[in-house]
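Trainee: Following this message is one structure expressed as structure tokens.
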Amino acid sequence: MGLREHRMKIKRKLRIENLYIRNFFSEFLGTFILIVFGVGVNAQTTLGKSSAGEFLSVNLGWGWGLAMGVWASGGVSGGHLNPAVSCATVILGRLKFAMFPIYVLGQLLGAFVASACVYGVYYDALNNFDGGNRSVIGTTATAGIWATYPQSYLSTLSGFGDQVFGTMLLVIGVMAITDRFNTAPGSNMTPLAAGGLLTVIGMSFGLNCGYAINPARDFGPRAFTACAGWGVEVFTAYDYWFWVPLVAPFLGALSGAWLYQLLVGIHTFQEEEETIIPLSIDSKDLHQHSKSTVVEMYADHDVL
């Protein structure tokens, strides 16, 4: 047996055939990459007291983190990396409901493990910054490295609206980027476009409460900080703020998905349907206009 055949044999043995497990690991890895870069840049900027980064660095770190996460996982699970995005795909009929909890579990665990890794890397720097006193509020607060918290002036209602609006923009952008019947980029450029989208959202709407717009991005790291020394205050601070970035993104994602479909998506699809598929096809011409072409068109349009 040659070396190539030996590698192929090992690959076949290691390959996971169960679709649920494959998608779980894919979303786990993709979200891990997103969070490890995003929380990592937060940590470097905060613990370095802005000498090793600034707000632009934060936006770029999160944007490139998303791009790399989607590049890593997109070929298997689609690279959602966000329960709100996964929820929108379920509502639109593009993801089986039974698959939804698998995606969410992978995303949450990926975010939690990534948070732990960043904590380990910056443990000494963290102690140097806060003297070992883990706090959520104050001049040496460090919980905000992992989870998002509102500005002191922000009301819960305004913060909820901020998260709905930000997630709506995210999902509208994702829908446009992945709609092959619109002006979508090539599949190899989709992650870069998604990363740019997140970057510009952060640069435009990151002031109020840190543009979580992703329940896994916020809740996974928040749960880690609760376990790692910050305690239950990460949930009770700012009038129990934690539920806002956990709930509001779902409403924003659904609004964005339906808004895009209503105003753009269904119209581009109808035009493609009319121009690509003849009004009538004789049975003898089916070899020229195969059913596979029609199925492929519908399937490709249904990929978020």
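The values are calculated or read from the model by the stated rules, or taken from the named source; none is laboratory data. Only a predicted model underlies this, so the values are computations on that prediction, with no experimental measurement involved. Positions of Cβ are generated from backbone atoms using ideal geometry, with glycine treated the same way; all protein chains shown enter the neighbour counts. Heavy atoms of the whole protein, side chains included, go into the accessibility calculation; ligands, DNA and RNA do not. Shrake-Rupley method; radii C 1.70, N 1.55, O 1.52, S 1.80 Å.
Trainee: Kindly provide the set of residues from the range 220-247 that are within 15 Å of the chain's Cα centre (by Cα) and crowded, with 23+ Cβ neighbours inside 10 Å, ordered by number.
Mentor: 220, 221, 245
Trainee: Of the numbered conditions (1) under 17 Å from the mean Cα position of the chain (by Cα); (2) among the hydroxyl-bearing types (Ser, Thr, Tyr); (3) open to solvent by 40 Å² or more (accessible area, probe 1.4 Å), residue 26 fails exactly one; give the number of that condition.
Mentor: Tallying (1) under 17 Å from the mean Cα position of the chain (by Cα); (2) among the hydroxyl-bearing types (Ser, Thr, Tyr); (3) open to solvent by 40 Å² or more (accessible area, probe 1.4 Å), residue 26 fails exactly one: (3).
Trainee: Taking interchain pairs and intrachain pairs at least six residues apart, which have beta carbon atoms under 6 angstrom, with the first residue in the range 8-26 and over 26 Å from residue 80 (Cα atoms) and the second exposed (fewer than 10 other Cβ atoms within 10 Å of the Cβ)?
Mentor: none
Trainee: Can I ask one more? Inspect all residues belonging to the range 195-209 and state whether any of them is surrounded by fewer than 20 Cβ atoms within 10 Å (Cβ to Cβ) and of a type in the set (Val, Ile, Thr).
Mentor: yes
Trainee: Look at residue 116 and say whether it is within 23 Å of residue 30 (Cα to Cα), open to solvent by 10 Å² or more (accessible area, probe 1.4 Å) and at pLDDT 95 or above.
Mentor: The answer is yes for residue 116.
Trainee: Counting only residues that are among the aromatic types (Phe, Trp, Tyr) and within 11 Å of residue 112 (Cα to Cα), how many does the range 211-229 have?
Mentor: Total satisfying the criteria: 2.
Trainee: Quick one: which of 92, 81 is under 20 Å from the mean Cα position of the chain (by Cα), at pLDDT 95 or above and within 21 Å of residue 258 (Cα to Cα)?
Mentor: Every option except 81 fails the conditions.
Trainee: At pLDDT below 95 and out of contact with any Gly (no Cβ under 8 Å at 6 or more places or on another chain), is that true of residue 282?
Mentor: yes
Trainee: Still on this model: Consider residue 21 carefully, then state whether it is modelled with pLDDT of 95 or more, open to solvent by 40 Å² or more (accessible area, probe 1.4 Å) and more than 11 Å from the chain's Cα centre (by Cα).
Mentor: Answer is yes for this residue.
Trainee: Do we find a residue being in contact with a helix residue (DSSP H, G or I) (Cβ under 7 Å, 6 or more places away or on another chain) and surrounded by fewer than 20 Cβ atoms within 10 Å (Cβ to Cβ) anywhere in the range 74-87?
Mentor: yes
Trainee: Further, regarding this structure: Quick one: in the range 47-68, which of the residues that are open to solvent by 40 Å² or more (accessible area, probe 1.4 Å) and within 16 Å of the chain's Cα centre (by Cα) is farthest from residue 188 (Cα to Cα)?
Mentor: 60
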